[in-house]
Structures are given as C-alpha cells and as structure tokens.
Amino acid sequence: MPPPFTLVRLRESGDAFAHACRIAPEAGAGTLVYVGRFDLAEFAVVLEPAEPLRSARRAFYAGMVALTDALSAYAPPSKPITLNWPDAVRIDGGLVGGGRLGWLTGADEDAPPPWLVFGAMIRTVAMNDDDPGVHPLASALDQEGFGEAGAAQITESFARHLMLALDGWRVDGFDSVARDYLTRIPRERQTVQRIDDRGDVLTRRIGTDRVQRSDLVRALATPSWLDPALGGPRL
C-alpha cells in the first residue's frame, strides 16, 4: 500500500465495509481494510473529513472516481467503464460491482463527522457455472479481458488513485472531482448536470428552468449493485 495507508487484512469470510465501520473510531484515517478473496476485490478505507457531514459525503464521489480509475489502469484498450448513479460500476455494460459509504448513525449534519468509510466490491472472477448469456447484465474482470489483474492489484491501484482524487479536491476544489465523476455516468441529451454542496445531482434540461434533484443520502441507503444474499454484486 502507498505510505498514507495502514492495511488491515481479513480472512475470506470477512466483511471489509462492516469491519472498517467498526474500527473507524480507533483506527483512524487511512486505515484500509482488505479481504483476501479470489473472486472479489473487496476493500474499505476510513476517512476523517474536516468539513460538515452534509457536504463531507461528497467524498463518495472521490472514491468512485478512484475506483473507476483503478480499473482503467488494467482495462484493455477502449474498454468502456461507466457508472450508474450513484454507486454501480459497469464494464462494457456488465455490472461488476460498486461503492458504498458509511458514517456514524445520528451524527450532526452541521459538524465534521468523526469518520466516513468508503467501501467497494468488484467481481474479478465469474464463479457461477451458468452460461454467460444467463446473466447478460452482469460481468467480471476475467470476462472483460483484464488478464492477471486481481484483488490485490485493484486494491493497490484504488489507494493510489484515491490519493490523487483527494489531492485534486484539495488543490482545485470539489468541482474537479465532480467533473470527473459526471463524465462517467450516462445522461440524456440536451441536459446539464452538477453536484451541489450536499452531494445531490441536479439535472436541468437546456432551455428550461426545471431542475430534477437526485438525493445522494437516500440513494446510498441501499446499494443498488449489492445482492445481500450473494454477499457480492448482483447477477
């Protein structure tokens, strides 16, 4: 791991996101929890933002930018990697995983949170025995030509790209992160989008004043990509 991170490795049956949320108060910023699985890249990192919770949740977008950049570093040329707002990652249209965000329940919206946890899962190997056509909306890195890129490589790449995303936020403001994120989600033609101070996405059709708000907190409550029964990305 890059120097700012402290690695905590769990056994294959562990839950990186849940564990990171449990240890966040004592472990502190930069703790990166990693589960050593063959079929999934599963990890979570503890953050300690200095701004109020209502705006600090925008760190989720920095995490998603870092996650997609980490995948792009190992992707075959011209392989499209896109996001479904806010949290799902698709490669050439197939769902491979996504990100999620945790914070202390009941934390004051107007004060810096004691911690945030950004967690992610990416399916590296398709483990089911079904014909690929049975789950046409799902995929895995091995099916998309990512070669030897496994959980360890994706996790380390994420850590490095997260540092870059957060440094860009510090130097250029959040708008740099927002621009990077918004280029990765599909949008209707003749619309413009921006991310407000709360992390909500505001979509306006060109030529009108009507604005559609997509609420980040509500969307993060249930990860769109996660199948609780599988303990991994949906098929």
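The values are calculated or read from the model by the stated rules, or taken from the named source; none is laboratory data. Please read these numbers as outputs of a predicted model, since none were measured by experiment. Cβ placement follows ideal geometry from the backbone for every residue including glycine, while neighbour counts extend to all protein chains displayed. Side chains are part of the model used for accessible areas, which takes the heavy atoms of the whole protein and leaves out ligands, DNA and RNA. Shrake-Rupley method; radii C 1.70, N 1.55, O 1.52, S 1.80 Å.
Data for the structure
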item	result
Accessible surface, per residue, of the range 6-150 when the full set of protein chains is kept, probe 1.4 Å, Å²	42
Residue with peak Gaussian network fluctuation, the chain [Cα springs, cutoff 10 Å], from 199, 150, 14	14
Coil-residue chymotrypsin sites (Phe, Trp or Tyr not before Pro) of the range 12-52, DSSP, other Cβ within 10 Å capped at 14	38
Enclosed volume per residue, in Å³, of the convex hull spanned by Cα atoms of the range 11-98	116
Span-rule helices in the chain, defined as complete DSSP H runs reaching 30 Å or more along the axis (Cα) with Kyte mean at least 0.0	151-172
Helix-only mean residue ellipticity at 222 nm for the chain, each DSSP H run of n ≥ 4 adding -39500 (n - 2.57), per residue, nearest 500	-8500 deg cm²/dmol
Gyration tensor (alpha-carbon) shape descriptor, the range 53-106, a/c threshold 1.5	prolate
Cα→Cβ-extended label distance, 7 Å offset, between residue 213 and residue 26, nm	4.0
Debye, to nearest 20: dipole size of the chain, +1 on Lys, Arg Cβ, -1 on Asp, Glu Cβ	560
Three-way shape call for the range 40-175 based on the alpha-carbon gyration tensor, with the a/c threshold at 1.5	prolate
Phi to ³J(HN,Hα) by Karplus 6.51 cos²θ - 1.76 cosθ + 1.60 over the range 202-214, Hz, x for Gly, Pro	10, 10, 10, 7, 4, x, 10, 9, 6, 10, 9, 9, 10
Max mean-square fluctuation residue, GNM over the chain, Cα-Cα springs under 10 Å, options 120, 29, 221	221
Most mobile listed residue (97, 173, 119) in the chain, GNM with C-alpha springs under 10 Å	173
Inter-label distance, nm, simple model (7 Å from Cα along the C-beta direction), residue 164/residue 109	3.5
Cβ-based charge dipole, the chain, positive-most Cα from 169, 91, 208	208
Amide H within-cut-off set for residue 8, under 5 Å, with H built and near neighbours excluded	32, 33, 34
Cβ-based net charge around residue 217, under 10 Å, with every Lys or Arg adding one and every Asp or Glu removing one	+1
Exposure rule at most 16 other beta-carbon atoms within 10 Å, DSSP loop GluC sites (Glu not before Pro): the chain longest free segment	13-108
Cα gyration tensor, the range 1-46 - rounded (a/c under 1.5), prolate or oblate	oblate
Given the chain, longest segment not containing exposed loop trypsin sites (Lys or Arg not before Pro) (DSSP; at most 13 other Cβ within 10 Å)	12-186
